[in-house]
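See structure below.
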Amino acid sequence: MTDSADQPDADDVLAATTALAGALESRELSAEELKAKAGLLSWNCAKTLAHICDAVLWYAGNLASRSTEDADTPMTSPRAKPPQMVNRLRTSGALLAAAVRDAPRDARGYHSWGRADRSGFAAMGCDEILLHGWDLAQGLGLDFIPPTTAVEHTVRRLFPWAPTDEGHDSWDVLLWANGRAALGDRPPEKHWLWHCDPLDEWNGEIRRWKPRGKRAET
């Protein structure tokens, strides 16, 4: 099992975290503003931001502990003050980056969609930050500029079947792959899943969610 130079790493996690935190800090957000709907989600911006913090910290915990089942990590209250939530975002991103940097190549951890390695956890963390960052930017009217390298690495790692060789902008591809927007004549992937197991274990098939009841927000 080897890492590739174009797979996500700790630097990508930190770049994504810094980009979103900077966008959120570009103006003094109020708790009332965070009640706005987050893009296409049914969640408001406060719940979405809390979810990002929780997911990224959870990934750090699962990777650091080499978990085989759901790691128990603290939750962020969506009622926390905006500066506290942004600080929690920075902390969660730093902890995931540290876990990715320190993990050996053969380290694996729990996720319900697969046993991820360190690049898988880095990619999932980036995806949470980048895509929900887009959701927050839609709801709050923020200028969020995702870091190009982190975007490129994330889409290649989690969605190896994505049409990255057709001249599309990588951010447009990632938005499409996560069901946020169409890509040319391709409608958004509404039943998407990602591949978080090591990339050399991908079987070449497109992963899609098979509905068995209501899917949680992602």
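Every number in this text was worked out from the coordinates using simple rules, so none of it is lab data. Keep in mind the model is a prediction, meaning the values are calculated, not measured. Please note: Cβ atoms are built from the backbone with ideal geometry, for glycine as well, and neighbour counts cover all protein chains shown.
Relative contact order of the chain: 26 percent, from C-alpha pairs under 8 Å at least 6 residues apart in sequence. Taking amide H positions as modeled 1.01 Å from N, with prolines and chain starts lacking one, the residues under 5 Å from TRP209 and 5 or more places away or on another chain are TRP192, LEU193.
Sequentially through segment 126-134, phi angles give Karplus couplings (6.51, -1.76, 1.60; θ = phi - 60°) of 4, 4, 4, 5, 5, 6, 6, x, 4 Hz, Gly and Pro residues having no value and appearing as x.
Here the dipole of segment 44-89 is about 300 debye; that uses its Cα centre as origin and unit charges on the Cβ of Lys and Arg (positive) and Asp and Glu (negative).
Over 19 Å between Cα atoms, which of LYS35/LYS190; LYS37/LYS81; LYS190/LYS210 qualify?
Violating the 19 Å Cα-Cα cut-off are LYS35/LYS190.
Taking a ≥ b ≥ c as the square roots of the eigenvalues of the alpha-carbon gyration tensor, segment 10-201 is classed oblate because a/c is 1.5 or more while a/b is no larger than b/c.
In the chain, helices alone account for a calculated mean residue ellipticity at 222 nm of -15000 deg cm²/dmol, with every DSSP H run of four or more residues adding -39,500 (n - 2.57). Each residue of segment 36-49 is assigned a 3J(HN,Hα), and the resulting list reads 5, 5, 8, x, 8, 6, 7, 6, 8, 5, 5, 5, 5, 5 Hz, derived from the Karplus form 6.51 cos²θ - 1.76 cosθ + 1.60 (θ = phi - 60°), x at Gly and Pro.
Footprinting exposure proxy ranking of HIS111, HIS191, fewest other C-beta atoms within 10 angstrom first, gives HIS191, HIS111.
Of all aspartates and glutamates in the structure, the ones whose alpha carbon falls short of 16 Å from that of LYS47, not counting any fewer than 8 places away in one chain, are GLU32, GLU33, GLU128, ASP135, GLU217.
Here the Karplus curve 6.51 cos²θ - 1.76 cosθ + 1.60, taken at θ = phi - 60°, turns the phi angles of segment 199-208 into couplings of 4, 6, 9, 5, 8, x, 9, 6, 8, 9 Hz, with x standing for Gly and Pro. Taken about its Cα centre, the chain carries a charge dipole of roughly 880 debye when the Cβ of each Lys and Arg holds +1 and the Cβ of each Asp and Glu holds -1.
For ALA116, nonlocal amide neighbours, meaning residues 5 or more places apart or on other chains whose placed amide H falls under 5 Å from its own, are GLY109, HIS111.
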